[in-house]
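Please read the structure below before turning to the comments.
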Amino acid sequence: MLPPMSPVRKKPEAPAVDRGCGLDRYHAKRDFAKTCEPAGTGEVPAAGAGPGRAYVIQKHRAGHLHYDLRLESGGVLTSWAVPKGPSLDPADRRLAVEVEDHPLDYAGFEGSIPEGEYGAGRVIVWDRGTFRPQGEASFEAMLENGSVKIVIAGEKLAGGFALVRTRFAGKKNNWLLIKEKDAHARPGSAVTDESPRSVLSGRDVDDPELG
Ligand code: MN
């Protein structure tokens, strides 16, 4: 006979990534004598100043082409690497892997990260604008809870988006980026193919002029 079951003990929840550590991880990965990325040591504007928070998606030709979604929170840009990029089709659920926070002035960075440096390869500002959280909860509380709902006002992306943290394979940094069904949804579209270029320079990520 089997012994009686002992009560199930739940493991304490591990903290999500390292939110709250500011830019330590960002600085640790980079040599600012070699890369022209912003060092992020300047003055940081007060969070929530202005009509909306900063939103940017950078297209990054590193080892693999991917898109980096960045949303302003607490004086930094909370960041996700989205391998397939965003979609305006609500049927698409795009993997978004949370990475280290970036400085606010990274939102304007476009150029080339030199060979041998972290993230080596070309970067363009694929889309840029503002966002605001939906509903009563603060954006920071939504991040902590792994369930984010925002309205984006960009040049390419607009309307409601959800970011939902998954527990797939026990990983704590995997999220899904999903377009909400609203007037800005475009079922069947592929916005990354239709609008491949930078909103700042009109260049695509393979343009040698980027350096
Ligand atoms: Mn990247």
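Readers should treat all values here as calculations from the given coordinates under stated rules, not as data from a laboratory. Please read all numbers here as calculations on a predicted model, not as lab measurements. For neighbour counting, all protein chains shown are included, and Cβ atoms are generated from backbone atoms with ideal geometry for every residue, glycine included.
In this model, which of 29/59; 29/172; 34/84; 59/149 are farther than 26 Å apart at the alpha-carbon?
Numbers: 29/59 19 Å; 29/172 21 Å; 34/84 29 Å; 59/149 23 Å.
Pairs exceeding 26 Å: 34/84.
For region 89-109 versus region 180-211, the inter-centroid distance based on Cα atoms is 14 Å.
How large is log10 of I(q)/I(0) for region 106-199 at q = 0.11, 0.15, 0.22, 0.23 Å⁻¹ when the intensity is taken from the Debye formula with one equal scatterer per alpha-carbon? Log10 of I(q)/I(0), two decimals: -0.44, -0.81, -1.19, -1.20. Computed about the Cα centre, the dipole magnitude for region 89-150 is approximately 280 debye when only Lys and Arg (+1) and Asp and Glu (-1) carry charge, each at its Cβ.
Distance from a point 7 Å along Cα→Cβ of residue 25 to each backbone N in region 104-129: keep the residues under 19 Å and list them by number. Backbone N within reach: 104-107, 118-120.
Over region 64-162, the alpha carbon radius of gyration divided by the compact-protein estimate 2.2 N^0.38 Å works out to 1.10.
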